[in-house]
Amino acid sequence: MAKKATTRSPETLEEMIELKAEAFEHKLTTSIVRWFRNDTFFDGFRNTPARIIISTLSFIVLYGGLIRCWITQSTLLEYIISLLVVLVMQAISVRFVFQIEGREILDEYQSQRRDRAYRRAYKNIRSIIVTGVVGWLAYTYIRDHADIGLGGWELLTYQRAATVAVFAIGLISLQKYLAYGIKGEPFMSRDEVKKMRNS
C-alpha cells in the first residue's frame, strides 16, 4: 500500500490538491457569505434608514473625495480606502446579491430586484459616458473659440489622472448599488428573528 501511494503520478496528486483547494475555497466563501447574509449583527445595514445613510455617504465619499484629491493631490490612498469601505457597506446592505451569481441562495424578489438594478446601472453608465463626451466637446469648443482662460491638459498631473481613474472606477462600481434603490428590509427585533428561524 505504501508503494502505491508513493508511485502516484504528479498529475494525479496535483489534481487532488487542486480539487481540495477548490472545495475549501467554495466552503470558505459560502460560509462567509452565509454569515454576512444571516447574522443579525448586520441588520442595521439593511433597513431603509441605513440604506439612505449609506447611499448619501457613498455620494459624499465619491464626489467629496474627488474634489479633495483634485485640490490637495496627496490623499489618493485615503480616497481609495474610503471607496472600498463604502463599497463593502453597500454590499452588506443588499445582502451580497451582486456577488453571489450562480448560487441558488437568492429568492425570486431579490433576483428580480438585482436584475432591475443591473439594467438601471447600465443605463446610468451609458448616460454618464454620453454626458462626459458632450461635456468634453463643449469644453474644448469653448476653450478654443471663446476668450475664456480655461485650463487644458497642463492641469492633469499624474496624481490627478490617477484620481480621475479611481473616481471613474468607483462611479461604475457604485452604480449597481445605487440603482438597487434605497428601500431596505423591515427592521426586526432579535425576538422576531429568533421566532422566524424557529418556525
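Derivation of every value follows stated rules applied to the coordinates shown; laboratory data play no part. Remember, predicted model here, so these are calculated numbers, not experimental data. FYI the Cβ positions are ideal-geometry reconstructions off the backbone, even for glycines, and counts take in every protein chain you see.
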Put in order of increasing Cβ neighbours within 10 Å, starting from the fewest, Phe41, Phe167 give Phe41, Phe167
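For Leu178, Leu137, which order do you get if you count the other beta carbons within 10 Å of each Cβ and list the fewest first? Spell out each step's value before the answer.
Numbers: Leu178 19, Leu137 10.
Arranged by neighbour count, lowest to highest, Leu178, Leu137 become Leu137, Leu178.
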Placing each pseudo-label 7 Å from Cα in the direction of the beta carbon, Ser111 and Glu185 end up separated by a distance in nanometres of 1.9 nm
Residues Tyr177, Tyr63 in order from fewest to most other beta-carbon atoms within 10 Å are Tyr63, Tyr177
Here segment 15-31 yields Karplus 3J(HN,Hα) values (6.51, -1.76, 1.60; θ = phi - 60°; whole Hz; Gly and Pro given as x) of 5, 5, 5, 4, 5, 5, 5, 5, 5, 5, 4, 5, 5, 5, 4, 5, 5
